[in-house]
Amino acid sequence: MRLILLGPPGSGKGTQAERLVLKKNIPQLSTGNMLRSAVSAGTEVGQHIKTIMDSGDLVSDDVVNAAVFDRIDQPDCVNGFILDGYPRTLVQAAAVEEMLAKKNIILDAAVELSVDDNAMVERIEGRYACSSCGEVYHETLKKPRIRGVCDKCRGVNFKHRPDDNAKAMSRRLQIYYKETSPLIGYYYAKKKLKIIDGMGEPDTVEKEIANALHIQ
Ligand code: AMP
């Protein structure tokens, strides 16, 4: 199964991608995570990318397309993948479509998680992650089972993303509506679009996605 998860920051793409990974046994290709790894490598390019990400702007289409194309060529993607946070522009959408067409790979669906702006801001502002394994938590919506201890790896250090602040958030939303929301029409026209209400509990959203995609 080849899927695209669309939705503004804080709409739950990462959470739902992780659930789909477990269900379908295919990898989550998160361009945000790929770019954060490039930043952690500490190279000059990484430093440049970090400045863009911290401001809430988009990294250039060429850089992101190259990273995704490379990743799709890895052996663990032969049975499918979930694109999380990509494509984010019409240029990226056209580029990945062309790349997949050359490989005779058909995209199954683009799932849009629709949420309201206030909920997104709340979700983003309370979000933090384990410094060791990256598991994502929320101050009220998803706390670790034991306070201060990561459920997944038992790590005790946590961090906020540098772009999860009010200024970058407003820029990310602006960019979402300007650059990314046209993809909704793009995939609708291609009869690939599934619109899911992303405002419910993660379990409910997961079930709605499963129903829409006819998976267990
Ligand atoms: P995310 O983790 O998906 O919220 O992405 C975090 C940041 O990484 C975004 O605000 C962008 O700066 C950058 N980024 C992630 N995916 C893309 C993409 N497909 N195109 C351009 N920039 C991206």
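The values are calculated or read from the model by the stated rules, or taken from the named source; none is laboratory data. Treat the numbers as computed from the prediction; the structure is a model and nothing was measured. Backbone-built Cβ (ideal geometry, glycine too); neighbour counts: all protein chains shown. Just so you know, the surface numbers come from the protein's heavy atoms only, side chains and all, with ligands and any DNA or RNA stripped out. Shrake-Rupley method; radii C 1.70, N 1.55, O 1.52, S 1.80 Å.
Here are the numbers:
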| item | result |
| --- | --- |
| Where labels lie 7 Å past Cα in the beta-carbon direction, separation of His160 and Lys190 in nm | 3.7 |
| Furthest towards positive pole of dipole, Leu35, Leu5, His138, structure part the chain, Cβ charges | His138 |
| Of Cys153, Ala67, Ile26, farthest towards positive along the dipole that unit charges on Lys, Arg, Asp, Glu beta carbons give the chain | Cys153 |
| Sequence ranges 6-18, 140-152, 74-86, ranked by mean other-Cβ count within 10 angstrom, highest first | 6-18, 74-86, 140-152 |
| Under 5 Å, built H, 5+ apart or other chain: amide partners of Ile195 | Glu112 |
| For Leu141, residues with placed amide H under 5 Å, excluding near neighbours | none |
| Whole-percent carbon and sulfur share, accessible surface of the chain, 1.4 Å | 52 |
| Estimated distance in nm for a label pair at Asp117 and Ala94, the labels positioned 7 Å out from Cα along Cα-to-Cβ | 2.9 |
| Kirkwood Rh (inverse of mean 1/r, distinct Cα pairs), the chain, angstrom | 17.9 |
| Placed amide H near Leu29: partners under 5 Å, 5+ positions off or other chain | Ile82, Leu83, Asp84 |
| Computed magnitude of the charge dipole of segment 15-95 (debye, nearest 20; Cβ of K, R +1, Cβ of D, E -1) | 360 |
| For segment 149-216: accessible area per residue (Å², 1.4 Å) | 64 |
| Within segment 22-111, trypsin sites (Lys or Arg not before Pro) in DSSP loop having at most 11 other beta-carbon neighbours inside 10 Å | Lys103 |
| Rg/Rh ratio calculated on Cα atoms of segment 65-113 (Kirkwood radius) | 0.92 |
| DSSP-defined beta bridges in the chain - what % are antiparallel, rounded to 5 | 30 |
| Simple Cβ-charge dipole of segment 82-160, Lys/Arg +1 and Asp/Glu -1, about Cα centre, in debye nearest 20 | 580 |
| Residue-normalised accessible area of segment 40-88, expressed per residue, 1.4 Å probe, Å² | 52 |
| Cα lying deepest toward the dipole's positive end in segment 61-138, options Val78, Ala93, Gly126, charges on Cβ | Val78 |
| Gyration tensor (alpha-carbon) shape descriptor, segment 123-216, a/c threshold 1.5 | oblate |
| Global form of segment 99-154, assessed from the alpha-carbon gyration tensor, a/c cut-off 1.5 | oblate |
| Dipole magnitude of the chain, debye to nearest 20 (Cβ charges: Lys/Arg +1, Asp/Glu -1, about Cα centre) | 400 |
